[in-house]
Structure formats: structure tokens, C-alpha cells
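**Q** Following this message is one structure expressed as C-alpha cells.
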Ligand code: DAH
């Protein structure tokens, strides 16, 4: 019997295993309810009394050794798991983290802000849900004025007071003039809404940037120079022309064209063979608008301009369809990673 136990002691000492199933099988084989040790303990009764002491010591030693072996192997396993299991192989290459990119509308908007900030314009904003006064009436567009039809409006409420989704950012001019005393220079970027059919060229929702400069002695020359500076900065083009136009809130009014050139087939297409492209509306703030905003039109003059951000972005990046801006197609958005 004692020899048998000694054989087991040797087997226990030599046992080695890396995988948890083998260790568990070993534990059950020796220490389990129906295991080898249990058999030895059961056999204790039959051992002659003079051998009982040595037998008991040998069985106890085997039990201790078996338990120690199981513990040691489990510990080893645990250590390995910490090394590889929790964090995996620490020397492996890192996982790529997808870095987002800014939306082209934001990119162009920020660039416009930067260019005007360099010549002293601050940034102002107004609400997208606007009242009739700020969107129309104060801008020299009284009720029943035919020019109101120029912009198809989404009305939120018509009675008792007209509340609407602003059709342009020009209303921010009014808010700014009502709340500040000249001189000031401000640009107002924001989202605007028009009840228009959605197509490659127009959308019911788009973005504009409004500009306003009011001081003593501001003239049309200042307006033209400011726009020329802006066009040079943003497009790298140095030829512009101002065509007489009409806006109720400016007098005189003009539309600005930039000379795009006729070098490529695309140039022909987008300029319809003329080389010129319209980019914004502008003019000298109508004295009625200044008066509506409690600014003394005898003392002060000002200029204003307004442009569509989508249109500018489409020209800069040669985007042919305005709907691309709102569809969140990741293949489209990814292309602006390194823009500006
Ligand atoms: N509000 C005009 C529009 O939405 C754009 C505009 C034209 C703004 C002339 C101005 C301006 O400030 O002077 O079409």
C-alpha cells in the first residue's frame, strides 16, 4: 500500500498541464469525491494498527501535494491569462481609430468667418424661427410688398402675429442694429429655409452668411474693396464685377460676379460659357432700414451683403448636386478631411 502511495506521490510531482480542463481532470482524479485519495482514506480502516501511523502520514502527504500541485498549476494559468487574456498580445499593432472630418458646410463657413475676422468683423447669430418684423418688415418689405414673393416662406403661425422659418439671414442685421450702436462690422452665418422643390440646384434648407458694416462715411467703394479682398482670399481670383440689381433692404443694390475663367470644359459648363459666376448680393443699407432699427440715417451709412454657403462650397469643391450636403454619405464626407 505505502509503495502505491509513493508511486502516486511521484506521479503528482511530475504532473504538468497548461490547459484548465487537464488541471481539473487531475484534481478530480485525486481530490474528487470518488478520487484516489478517497479510496486511500476508505482503505484506512483495513490497515493493521501498527502501520496506521505511517499510512496516515503518507496519505496526508499525498493529499497535500496533490492540492499544492492543483493550486500551483491554476496560479500559473491565471498569470498567463493576465499576460495574454485581458489585454491580449501587448506587442501587437494598434487598432485604427476612425477620425471624423468636418462637414464641408462648416469648413467653408469657418473659412469665411476667418477671412472677415481678419478685417475686424465679429460673428453674430439670430434665431431660425423668426417674426415678420425681422425677416420682412424692418427690411423695407412691408406687408403686400411684391418682393415678399421672391422668397417662398414656411409659415409656422399667421395669426395673430406671423411667425416663420427665416428665409434669409438678413434678419440678423436688424437684430444686430437694434441692439448695438455703430460703428460695427458683423457677419452672421446661419441656416435658412425656403418652400422650394428639392433638386440638384436648390433645397428647402440651406445656409447663408450675411455681412453688415455701419459707420460714418461708409461708401460703395468700401463695399467693393471688402468683397474684392474676400474673393481673393477665398477663391484666389482677382477680378470681380458688380451688376446693378434690386433688393428692398439696400439702395443701390448689386449682384457680385467673379471672373472664374474659361480654361477647362467644366469652367464653360458652370459659367455657361461666359467665364463669370454670380456669388452674392449686396448694396448700401437702405436708410429706411437704418431708421427702422433706430439708427440715425443722417449720420450713418452702411453696406450689407449676403451669400449662400452651399453655392460657395459647390464652386470651391466642384460639387454638382446640393443634395450631397444633407445625405451624410460617408464617402462624400471623408473627402473633406484635409480641407482648409
Ligand atoms: N437676403 C438676400 C437673399 O437671401 C441676400 C442679400 C442680398 C443679403 C443683398 C444682403 C444684401 O445683405 O445686401 O437672397
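What follows is calculated from the coordinates using simple rules that are stated; it is not laboratory data. Keep in mind that this is a model prediction, so the values were computed, not measured. Don't worry about glycine lacking a Cβ; one is built from the backbone with ideal geometry, like all the others, and counts go over all protein chains shown.
**Q** Tell me whether segment 104-336 comes out rounded, prolate or oblate; compute the Cα gyration tensor, take square roots of the eigenvalues as a ≥ b ≥ c, and use a/c under 1.5 as the rounded threshold. It would help to have the intermediate numbers written out before the result.
**A** Details: a/c = 1.72, a/b = 1.25, b/c = 1.38.
Cα axes put segment 104-336 in the oblate bin.
**Q** I would also like to ask the following. Share of antiparallel DSSP beta bridges in segment 105-244, in percent to the nearest 5? Mind dumping the intermediate values first?
**A** On the way: 15 of 17 bridges.
Within segment 105-244, antiparallel bridges account for around 90 percent of the total.
**Q** Quick one: grab the alpha carbon gyration tensor of segment 143-265, order the square roots of its eigenvalues as a ≥ b ≥ c, and give me rounded if a/c is under 1.5, else prolate or oblate depending on whether a/b is larger than b/c.
**A** Numbers: a/c = 2.04, a/b = 1.25, b/c = 1.63.
Oblate is the answer for segment 143-265, as a/c is 1.5 or above yet b/c matches or exceeds a/b.
**Q** Give the percent of DSSP beta bridges with both residues in the chain that are antiparallel, rounded to the nearest 5.
**A** On the way: 42 of 44 bridges.
Around 95 percent of the beta bridges assigned by DSSP in the chain are antiparallel ones.
**Q** As a check on your grasp of the helix formula, calculate [θ] at 222 nm for the chain: sum -39500 (n - 2.57) over DSSP H runs of n ≥ 4, divide by the residue count, round to the nearest 500. Mind dumping the intermediate values first?
**A** On the way: 12 runs with 134 residues, N = 340.
After summing the helix terms and dividing by the residues of the chain, the value is -12000 deg cm²/dmol.
**Q** Can you sort 91, 158, 250, 167 by how many other beta carbons sit within 10 Å, fewest first?
**A** Final ranking by Cβ density, sparse to dense: 91, 158, 167, 250.
**Q** Sort 107, 256 so that the residue with the fewest other Cβ atoms within 10 Å of its own Cβ comes first and the one with the most comes last. Could the numbers behind the result be given before it?
**A** On the way: 107 18, 256 23.
Starting with the residue having the fewest Cβ neighbours, the order is 107, 256.
**Q** Roughly speaking, what is the centre-to-centre gap between segment 231-289 and segment 139-180 when only Cα atoms are used, to the nearest Å?
**A** After rounding, the separation between the Cα centres reads 24 Å.
**Q** Relative contact order for segment 104-336: what is it in percent, counting Cα pairs under 8 Å that are at least 6 residues apart?
**A** It rounds to 21 percent for segment 104-336.
**Q** For segment 127-210, what does the alpha-carbon gyration tensor say about shape, rounded, prolate or oblate, given a ≥ b ≥ c as the root eigenvalues, a/c under 1.5 as rounded, and a/b over b/c as prolate? Each step should come with its number before you reach the end.
**A** On the way: a/c = 1.96, a/b = 1.26, b/c = 1.55.
Oblate shape, in that a/c is at least 1.5 and b/c is the bigger or equal ratio.
**Q** Let me ask another. To the nearest 10 degrees, how steep is helix 49-80 against the longest Cα principal axis of the chain, on a 0 to 90 scale?
**A** 20 degrees
**Q** Here is a further query. Compute the acute angle (0 to 90°) between the alpha-carbon long axis of helix 220-235 and the principal axis of greatest extent of the alpha-carbon atoms of the chain; round to the nearest 10°.
**A** For 220-235 against the chain, the angle is about 30 degrees.
**Q** Also, I was wondering about something else. Arranged by the count of other C-beta atoms within 10 angstrom, fewest first, what order do 338, 124 take? Mind showing how you got there, number by number?
**A** Details: 338 6, 124 20.
With the fewest neighbours first, 338, 124 line up as 338, 124.
**Q** Over segment 192-313, calculate the relative contact order: mean separation of alpha carbon pairs under 8 Å at least 6 apart, over the residue count, as a percent. Kindly include the intermediate steps, with their values, before the conclusion.
**A** Working: 211 pairs, mean separation 37.1, N = 122.
Answer for segment 192-313 is 30 percent.
**Q** Treating the angle as unsigned and between 0 and 90°, give the value, to the nearest 10°, between the Cα long axis of helix 104-117 and the longest Cα principal axis of the chain.
**A** 60 degrees
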